[in-house]
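What follows is a short report on a single structure.
The values are calculated or read from the model by the stated rules, or taken from the named source; none is laboratory data. Small disclaimer: the values here were computed from a predicted structure and weren't measured. With ideal geometry, Cβ positions are generated from the backbone for all residues, glycine too; neighbour counts draw on all protein chains shown. Areas reflect the complete protein model, heavy atoms only, side chains present, ligands, DNA and RNA absent. Shrake-Rupley method; radii C 1.70, N 1.55, O 1.52, S 1.80 Å.
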Amino acid sequence: MYLPYRRFDESEIWQIHSFYFQNIGIKAWQRGQIPYSGVSNFTEAYKKARLFVDNLKLQNHSGPIKVLEIGAGYGEFARNFLAALKEICKVEALDIWSKLEYHLSDFSQTTLDQLQASGRLDEFAEKLEYKVFDALDKYSGLHQESYELIMANYLLDQFPARVFARHKGKYYEKYLSIEDPQRYLEKQRAKSFWLWRNRWIKRLRKQHEFRELDWQSLPLNHREILETCFRSNKDSSLVYSYGSLAALKNFLQLVKPNGLIVCSDFNMSAKPGFDECEPCYYGNSVAQAVNFEFLYKYFSAQDELAELEHFKDETGSYQVALIYEDPIKPLHTLILTRPDYEHSLELGEIYKKVYHQNWLLRFLYRFLAELQLACYILVLFMLFFWLLSFGGLEWFRNTFQ
Ligand SMILES: C[S@@+](CC[C@H](N)C(=O)[O-])C[C@H]1O[C@@H](n2cnc3c(N)ncnc32)[C@H](O)[C@@H]1O
C-alpha cells in the first residue's frame, strides 16, 4: 500500500533518514553503508588544513584557536584534518597546533559516544571535545561558542530539499508517494539485526508526480536566483537547497568575524526536462545532491545582508568561493566568510590551482560533450544525405527485400 503523495522534502523518507542517523551509530560506516573516502580522505583534509593555515597567517591571532566540524560521523575527516594540520604546523614551525581546540559535533549522541569509545581519535584526544549539535537548529547546543573555522563535509546533502521543474514558462514541484514503511520500521525498532544490515529505504517502492507550483509563494530573492539556475531558455529541473541555506545561515552565527566556513558536498546542476533529480540512498539515509549555484549566488548577492538578522548593521559583503574539486565528478567545496571579514579571502596555493585547473577542464569537458552531440547530428545528416543522393534508398531496398 502506498502512502499519500507529499511534497518531496516533507516525504516520510526524510523521517526514516533522520531516525537512521540518530540511531545507527558508527556501524553505518563500519558496515560500509555510508561512503566516505571521496570527501574525507587525507588529500581533501590536507587542502582544508592548508586553507585554514593560510588564512590564519593573515591575522594577528591570540588565544585558543577553535575549529568546529559539523556532522562528523565516523570521524575519518577529523582524523585526516588533524594529522594534516599537525604536519603543516611541524614543518613550518607554527604555534597553531598548541592553541588548537577541535570540537567534533553531530546531531546523534549515539554516534558521538560510539566514536569516542572506539578510540579512533585517541591520538588527538587532548585537542578534542565531542558536542551534540543539530545544524538545522540554531538554538541547539553551541550558541555560546564561536569558531575560527567551521567545516561540514558531506552534510549539506543530508537536509531536505525541494525539486522544481520549469516547463513552457510554468513551474512544477515534485511530490512523492512511498510504500508504507511500517513493517520495516517495526522490525527496526525491535532492533532486528537483519534489518539494520539491510538497506531497505532504496527498496521501498516509490512513485512521484510533478504538480503545478505557485512560484510567487517563494521568497522573492530565492525566486530570482533560482530562475537564473534553470537552463537558459530550456525546460529543466533543479534542486531548491533551502535546508542547506538555513544551515549555512546558522553556521554564520557561530563563526568569528575573521573565521571561515568550508563545506564540501556533491553538486546537482539543473537537468533537462522533468528530471526527478533523484537522491542517493545509502544505508537507510537519503542524500540529495546540493544546488551549489543557488547557495553561491545567494551569498554573492550583496542586498541579501538585510535578511540575515545578525549582520544587519554590517557594511561589508560576504566573500564566497565555489571550487569544483573535480572537473567531472560533482564534488564541490564552498568557502564563505562573514561580511565583516577583514581581509581578502585567501584561497591558498592548492585551492587556487584546483580552481583554475578545474575551471578549464570543466570548460573542455562541456565543450567535448557538446561536440559529441554535434558529431551525432553530423552523422545523422550524412546518412540522410547518402540515402537521398547516392542511391542509399536503392541499396536498402535491394538488401532488405
Ligand atoms: C553522510 S554523513 C557524513 C559524515 C562525515 N562528515 C563524512 O564525511 O564521512 C552525515 C553525518 O551528518 C550527521 N547529520 C545529519 N543531519 C544532521 C544535522 N541536522 N545536524 C548535524 N549533524 C547531522 C549524521 O548523523 C552523519 O553523521
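For the reader, a short list of remarks on this structure follows.
- When we screen TYR46, TYR102 for residues that are of a type in the set (Phe, Trp, Tyr) and open to solvent by 10 Å² or more (accessible area, probe 1.4 Å), the only hit is TYR46.
- The lone exception for GLU69 - which of (1) under 25 Å from SER264 (Cα atoms); (2) away from the ligand (no atom under 11 Å from the Cβ); (3) touching a helix residue (DSSP H, G or I) at 6+ places or on another chain (Cβ under 6 Å) it fails: (2)
- Pair list, Cβ under 6 Å, 6 or more apart: the stretch 282-303 residue without any contact (Cβ under 8 Å) to a residue 24 or more places away in the chain, other residue open to solvent by 20 Å² or more (accessible area, probe 1.4 Å) and away from the ligand (no atom under 16 Å from the Cβ): SER300/VAL320; GLN302/SER317
- Only a single criterion out of (1) under 18 Å from MET268 (Cα atoms); (2) within 16 Å of the ligand (Cβ to nearest atom) is not satisfied by LYS249, namely (1).
- Within the stretch 130-171, being within 17 Å of ASP9 (Cβ to Cβ), within 14 Å of the ligand (Cβ to nearest atom) and open to solvent by less than 10 Å² (accessible area, probe 1.4 Å) holds for ALA135, LEU156, ASP157, ALA161.
- Under the condition of being of a type outside the set (Gly, Ala, Ser) and open to solvent by 20 Å² or more (accessible area, probe 1.4 Å), the residues counted in the stretch 269-291 number 9.
- Whichever residue in the stretch 5-22 is assigned to a helix (DSSP H, G or I) and open to solvent by 50 Å² or more (accessible area, probe 1.4 Å) and, among such residues, is farthest from the ligand (Cβ to nearest atom): GLU10
- Within the stretch 93-110, residues that are at pLDDT 95 or above and part of a helix (DSSP H, G or I) have Cβ atoms under 6 Å from residues that are open to solvent by 50 Å² or more (accessible area, probe 1.4 Å) and more than 16 Å from the ligand (Cβ to nearest atom) in these pairs: TRP97/LYS86; LYS99/PRO64, counting only partners at least 6 apart in sequence or on another chain.
- In the stretch 153-169, residue farthest from the chain's Cα centre (by Cα) [restricted to those that are assigned to a strand (DSSP E or B) and not charged (D, E, K, R)]: HIS167
- Options LYS90, LYS127, LYS86; residue that is assigned by TED's automatic domain parsing to the domain that holds ASN55, modelled with pLDDT of 95 or more and open to solvent by less than 60 Å² (accessible area, probe 1.4 Å): LYS127
- Every condition in (1) surrounded by fewer than 18 Cβ atoms within 10 Å (Cβ to Cβ); (2) at pLDDT 95 or above; (3) under 15 Å from VAL53 (Cα atoms) is met by ASP113 except one, and the failing one is (3).
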